[in-house]
Each structure stands twice: as C-alpha cells, then as structure tokens.
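*Asks:* Let me give you the structure first, and then I'll get to my questions.
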Amino acid sequence: MTEFTGGFDASARYRLDPQVALRPEPFGALAYHYGSRRLTFLRSARLAEMVRDLEHHDSVQAAVNASVPEVQRPAYLRALASLADSRFIRAC
Amino acid sequence: MPVSTGPAGPGTAEPGSGLTDQLKAGLDAPICLTWEITYGCNLACIHCLSSSGRRDRRELTTSEAQAVIDELHDLQVFYVNIGGGEPTIRSDFYDLVDYAVGRGVGVKFSTNGSTITGERARRLAGADYVDVQISIDGADAATNDAVRGEGSYAVARRAMDHLADAGFGPFKISVVVTRQNTGQLDAFEALAAAYGAQLRLTRLRPSGRGADSWARLHPTQAQQVDLYHWLLDRPDVLTGDSFFHLSALGEALPGLNLCGAGRVVCLIDPIGDVYACPFVLHPEFRAGSVRDPGGFARVWRQSELFLELRQPASAGACASCGSYDACQGGCMAAKFFTGLPLDGPDPECVKGLGEVLLGQRAGTAPSPGPGHSVPVRLRSRLRDSTR
C-alpha cells in the first residue's frame, strides 16, 4: 500500500511515529527514527512535549493552540510540518 | 547517519546559533558513539587510525561488553557504530549485536568484509536495526590494495555481492578519501549505485598508522577543492560530518560543522578506555574507562577532559581569519598528530595556513605509539566457511 505523504494537514490528528524515540536534552530533545535512521533536533522543550502528546489532541492545530502563544504558532506549525514530512509524526 | 539540523525548529542551526552553542557545551549522552570492540584485524591498512593488528588480552569480556550496552540503553544512545580492528573476528560479535538490538540500541558495524559469507549476509538481511558498512579505499584493486593489502579489494567486493544477493538493502560503502582515490569519486558513486548501496566518504586523519602514511596519502589542496564541490552537489553522500574544514571554501557542507570530540561524539576502545573521538587514541585524550566506578556515564558527564572540551574554545591563531566561523579551525586530531597547536589552523586548512606551520614545525608531532600492529590470521575454519 502506498502511503499518502504529500500534505501536512494541521486540522488532522497526528501522533509520534512508533519507530521514533525521544531523548530529552537541554535544548529540547533529540529524536531518532529507527526506521529511516534519521536524527533530528527538537529545538524547544515545548515542541518536544507537544510531539510526545500529539495524539491526545483532536488536531495538530489544537495541540499548538493549547500551549503556544499566538505569535509563535506559525513557527511551531512549520516545525511540525517538517516532522511530518520526514515521517517523525504521522496522521492517526 | 543523516542528521538534519534544520527542520525541527523553531529556529535554525546556523553557526553561532543557540543549538550549535548548546552542542558545543555537550549533551547528556553522545549522539554518535564509536565502539572499537577489538584491536584484532586480519588486515594491516597503512592508515589504520587504531594501529590494529593483534588482539589485546585486556579487551572487554562478553559480560563487560553487555554491561556497556546496558548503559547505552539507559542513556538512550539510539545506536552505536561498532568497529575495530575487524569487529567480526570476535567470536561473540553477533551475540553482542543481537544483545544491543534487543536493548533498543541500533548497530552499524564497519567491516573489511572478510567474514561476510553468503550465509552470514542472509542472516544479516533478516535483522532489523543493523547496518553494515564495508570499507574500500580504491575503486579498483590496485588503488585499494596499496592501502589495505593484497586481495582486500576482491574480499570486500565479494562481501558486497553477498549482501546484494541476500537482499540486505542499502548497505554502506565507506571510503577514506586519499590523494590516490580522489579522482575515483565518480567511480565510487557508480559502484554504490550498482549495488543499491549508500556511499560514505570520510577524511584521512594522521592517527595511528596514519601518522606514518598521512604525508603521502592526504589529498592535495586542488583535490580538496574538487572534493568540496563534489560533496556540495551530492548532499546524500554520507560524510560523518568529517569534512567541515572544507566549509571555509564557501557555502557550508551539510551537517553539524563542528568538532564534536567529547561534546557529541566519543570513542570506547577495545579495553574500555574512553577517548574524545575515534581519531585521538593517545593518552592526552583519554577521558577514563568504562571499567571505572560510575562506568561510561560518569566518564561522559564528569571527566575533566570532556568538561574542558565543552568550554568555549579559543580561535587562537585563526581569530583574525574571516573563515573561522565556517571551519571552526578544523580537526583537533589532525592538528595534534601533525604537531600543530590545537588553537590554530588545521594542517589541511584550505587557506594554506596549516601547510606553512607544518613546514616550520617539522619533527614536533607526538608519536601515536606502536599500537597493536601485528595482524592476526583468520582461523582456517573461518576461511573454509567463506569459500
């Protein structure tokens, strides 16, 4: 089955990919994808926490709204879109 | 390992940005850990950075090695690069690989290919979280064997054939870039493509036996410029971030572009000694031992050497150079083993500043020591099973 990966949809519910491990670090967290062997930096503790709890929110936008001041939301959405693109998070 | 510094913002990882500074100040555990599990090797490559050959009777036992893996698991080290020596000549090698994977620590191991039989390749193809990296240093037997020894090219190619036949998937072909093979980069790329493999290029260091061969093996300045442009055009070629000194030529190469020694990387040697990076096996860069009380975690977090390496470094003689932010002064190991001051230019500084110093300081390089430079013979049982 070919998976649809083209579009990131902030109104959809997402979750951390089960093959991803997060390691807390002073700058936020390191994320490692055991499938693609890719490593990436989650560059704030808030982003790390949000990614970890993503599936408990009805949508990515709701998760962002719940913890990020309005002015910073676009940056967080960009970060999450990029994590979706590299399969660190995926639609539920 | 592909590391993306960009996407998981907010922010970017430009030099001097918060992330780069935080990486320089060290992480709670290494990102990239190299573990050489034996000094034994059936080859005697003239650039071997660990001067490997015969086993050391003090090498970690199986249970000690398992205890190291337990620690890596507790520290959430996601994967470990296992090398040597030739790691697969340890009779417990695959048991340790299985143990690591079972503890959630992925394994990438480097091998000269001599023990990768068809049967072994099939078993590896069935393993999750195990990556295999076959070393060659020439795109033909003559170039390769001049560095790695007679017959070693054919052995490596046979291992690649076995992995491809077994459907292992994208194994890695690892090449140390030398004056003799810089002209073969396209051939290496074609070879990797033919196998569906990933090409990995790393920098020659004057470490171990490389101290004696570096002067005639390291790329010329013109070759460095060619290599830089070749790599810029091919961001998918793996480099272990080892060519960051070339970033002084212009646009930065992909990767972290900083010396990670003791900050984000380190080395555990076969007897459990912990060094700042794989290229500085010298008492001056020994931080401690996994056999010390507190184990590896204590060495990583509290050793005097590592804490010092995480302090802001002085640009020294490079302070007035406009490229310092790009190249960070280059590689500590390359400077150390060529006798250059650590707070000055890399011996392969693309501005030629290192060459000037090398000329002035001839004969001052520290000895890497004799190491373990007598190759072991593979047992006949092993030889038989590879036929």
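*Asks:* Which residues, counting only those in the stretch B:48-80, are closer than 15 Å to B:Asp269 by Cβ and surrounded by 21 or more Cβ atoms within 10 Å (Cβ to Cβ)?
*Replies:* Once the filter is applied, which keeps residues that are closer than 15 Å to B:Asp269 by Cβ and surrounded by 21 or more Cβ atoms within 10 Å (Cβ to Cβ), the stretch B:48-80 yields B:Cys48, B:Leu49, B:Ser50, B:Ser51, B:Ser52, B:Gly53, B:Leu60, B:Ala65, B:Val68, B:Val80.
*Asks:* Residues of the stretch B:287-334 being aliphatic (A, V, I, L, M), farther than 25 Å from B:Lys351 by Cα and surrounded by 22 or more Cβ atoms within 10 Å (Cβ to Cβ), which ones?
*Replies:* Across the stretch B:287-334, the qualifying residues are B:Ala287, B:Val290, B:Val299, B:Leu309.
*Asks:* Does B:Arg157 fit the bill of being under 15 Å from the mean Cα position of the chain (by Cα) and charged (D, E, K, R)?
*Replies:* No.
*Asks:* I've got another one for you. Go through (1) polar (S, T, N, Q); (2) touching a Ser or Thr at 6+ places or on another chain (Cβ under 7 Å); (3) within 10 Å of chain B (Cβ to nearest Cβ) one by one and return the number of the condition A:Ser36 breaks.
*Replies:* Only one criterion is unmet by A:Ser36, namely (2).
*Asks:* Still on this structure, I have one more. Out of everything in the stretch A:1-25 that is more than 8 Å from chain B (Cβ to nearest Cβ), out of contact with any strand residue (DSSP E or B) (no Cβ under 8 Å at 6 or more places or on another chain) and touching a residue at least 12 places away in the same chain (Cβ under 8 Å), what residue ends up being surrounded by the fewest Cβ atoms within 10 Å (Cβ to Cβ)?
*Replies:* By that ranking, first place goes to A:Ser11.
*Asks:* Consider B:Glu36 carefully, then state whether it is in contact (Cβ under 8 Å) with a residue 40 or more places away in the chain, charged (D, E, K, R) and crowded, with 23+ Cβ neighbours inside 10 Å.
*Replies:* In short, yes.
*Asks:* Taking the stretch B:138-183 only, how many residues are more than 17 Å from B:Cys45 (Cβ to Cβ) and of a type outside the set (Val, Ile, Thr)?
*Replies:* Total satisfying the criteria: 15.
*Asks:* Out of contact with any Gly (no Cβ under 7 Å at 6 or more places or on another chain) and facing chain B (nearest Cβ under 7 Å), is that true of A:Ser86?
*Replies:* yes
*Asks:* Can you give me the number of residues within the stretch A:26-74 that are crowded, with 17+ Cβ neighbours inside 10 Å and of a type in the set (Gly, Ala, Ser)?
*Replies:* 6
*Asks:* So, of the residues in the stretch B:1-52 that are within 14 Å of the chain's Cα centre (by Cα) and facing chain A (nearest Cβ under 7 Å), which turns out to be modelled with the lowest pLDDT?
*Replies:* Restricting to residues being within 14 Å of the chain's Cα centre (by Cα) and facing chain A (nearest Cβ under 7 Å), the top hit is B:Met1.
Condition check ((1) farther than 22 Å from B:Pro235 by Cβ; (2) free of Cβ contacts under 8 Å to residues at least 24 places away in the same chain) across all residues:
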| site | (1), (2) |
| --- | --- |
| B:Arg158 | yes, no |
| B:Phe168 | yes, no |
| B:Thr182 | no, no |
| B:Phe188 | no, no |
| B:Ala194 | no, yes |
| B:Arg203 | no, no |
| B:Pro206 | yes, no |
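*Asks:* Let me ask something else. If you take the residues of the stretch B:98-132 that are more than 14 Å from chain A (Cβ to nearest Cβ) and basic (Lys, Arg), which of them is nearest to A:Pro18 (Cα to Cα)?
*Replies:* B:Arg123
*Asks:* Can you confirm whether B:Gly85 is small (Gly, Ala, Ser), within 14 Å of another protein chain (Cβ to nearest Cβ) and under 23 Å from B:Met160 (Cα atoms)?
*Replies:* Spelling it out, it is not the case that B:Gly85 is small (Gly, Ala, Ser), within 14 Å of another protein chain (Cβ to nearest Cβ) and under 23 Å from B:Met160 (Cα atoms).
The values are calculated or read from the model by the stated rules, or taken from the named source; none is laboratory data. Because the structure is a prediction, the values reported are computed rather than measured. No Cβ is skipped: glycine too gets one built from the backbone with ideal geometry, and neighbour counts run over all protein chains shown.
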